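Notes to accompany the following structure.
Computed from the coordinates by the stated procedures, all read-outs in this text should not be read as laboratory data. Worth saying up front: this structure is predicted, and the values here are computed from it rather than measured. Note that we place each Cβ from the backbone using ideal geometry, even for glycine, and neighbour counts take in every protein chain shown.
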Amino acid sequence: MTEETGFKSGFVAIIGRPNVGKSTLLNTLMGEKISIVSSKPQTTRKRIRGILNIEGAQIVFVDTPGMHKPLHKLGERMLKEVTESLDEVDVIIFMIDNENRRRADLKIIEMLKSVNKPVILVINKIDLIKKPNLLPIIDDFRKLHDFKEIIPITTKEQSAVQLLLKCLLKYIPAGPKYYEDDIITDQYIRSMAGEIIREKILQNTEEEVPHSVAVDITNWLERDDGTLLIRAEILVERDGQKAIIIGAKGTLIKKIGTSARMEIEELTGKKVFLDLWVKVKKDWREDEKILKELGY
């Protein structure tokens, strides 16, 4: 598209440790759900773009997987998603939670020192910090890196998020509109439906199950009457994990399916018939072929 006079556009990566609130921040910035959210670490596995159109600017936010030491090939690919995103963006939001610096945060800061991009530090969950303790945290991080801005927020508070947005605009370059106004994400609806199913599994299971789950949409059929027939395979690594997801007499898989179906109907605007199957694929997170088939 042609560049508009005085128009700004750019890409902003949101990076940080697992479970610091990156996906919640993206959804709040966008004003609607783009990325799935759960209390489990490493919920986000791929880069997810949210395209925000405001007066005089278009900002493409890139939600990235939480940065952690990879324990398997899936983890290695998730970390690669983060490092590759840093080469493609104009500005970086480095997000931490309300606690003082951790070893993982320091490693990320060391990496950022070699990236020639403006970095904004966002301290999340400040509603859990006593006010006298906030300034020392800010001062501590100010000494560690030349952050362009340090912004304390609570991701669900619009006023704080709007302040972040205002600060971001100072570092977004002049440029063209990359996406049409009605496009809010680069995700396909089919992919979003699979993520919704995975989110409901994360929200309803504990311990090792969330990290061992993947969802593969194997059939997507729109009938003549406009209804959608969706078949999804839920991959796990152990028979015990399969039993947990199915639940006693199928109660949990039914609960997961019902809540996922309702959200997919809201997403698509169509009546949905959702057929879920749980399959055991031993050590799928180490299987290059399966990872490729799943889009990792």
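Could you work out how far the C-alpha centroid of the stretch 3-34 sits from that of the stretch 226-270, in angstrom?
A separation of 29 Å, based on Cα centres.
So if each residue of separation counts as 0.36 nm, and I subtract the Cα-Cα distance between Ala243 and Leu267, what length gain in nm does that give?
5.7 nm
Given a cut-off of 26 Å, name the pairs among Lys33/Lys177; Lys33/Lys270; Lys125/Lys271; Lys33/Lys271; Lys156/Lys177; Lys33/Lys242 whose C-alpha atoms lie farther apart than that in the structure shown.
Lys125/Lys271; Lys156/Lys177; Lys33/Lys242
In µm²/s, what is D for the chain at 10 °C and 1.306 mPa s, where D = kT/(6 pi eta Rh) by Stokes-Einstein and Rh is the Kirkwood radius from Cα pairs?
The calculation lands on 78 µm²/s.
Pull out a ≥ b ≥ c, the square roots of the eigenvalues of the alpha-carbon gyration tensor of the stretch 201-296, then state rounded if a/c is under 1.5, prolate if not and a/b is larger than b/c, and oblate in the remaining case.
The shape class here is oblate.
Can you compute the radius of gyration and Dmax for the stretch 8-169, using only the Cα atoms, both in Å?
For the stretch 8-169, the Cα-based Rg and Dmax read 14.7, 44 Å.
For the chain, what is the calculated [θ] at 222 nm in deg cm²/dmol (nearest 500), taking -39500 (n - 2.57) for each run of four or more DSSP H residues and dividing by its residue count?
Rounded to the nearest 500, the figure is -11000 deg cm²/dmol.
Place +1 on the Cβ of every Lys and Arg and -1 on the Cβ of every Asp and Glu in the chain, take the dipole about the Cα centre, and give the residue among Leu29, Met111, Asn53 whose Cα lies farthest towards its positive end.
Toward the positive end, the furthest listed residue is Met111.
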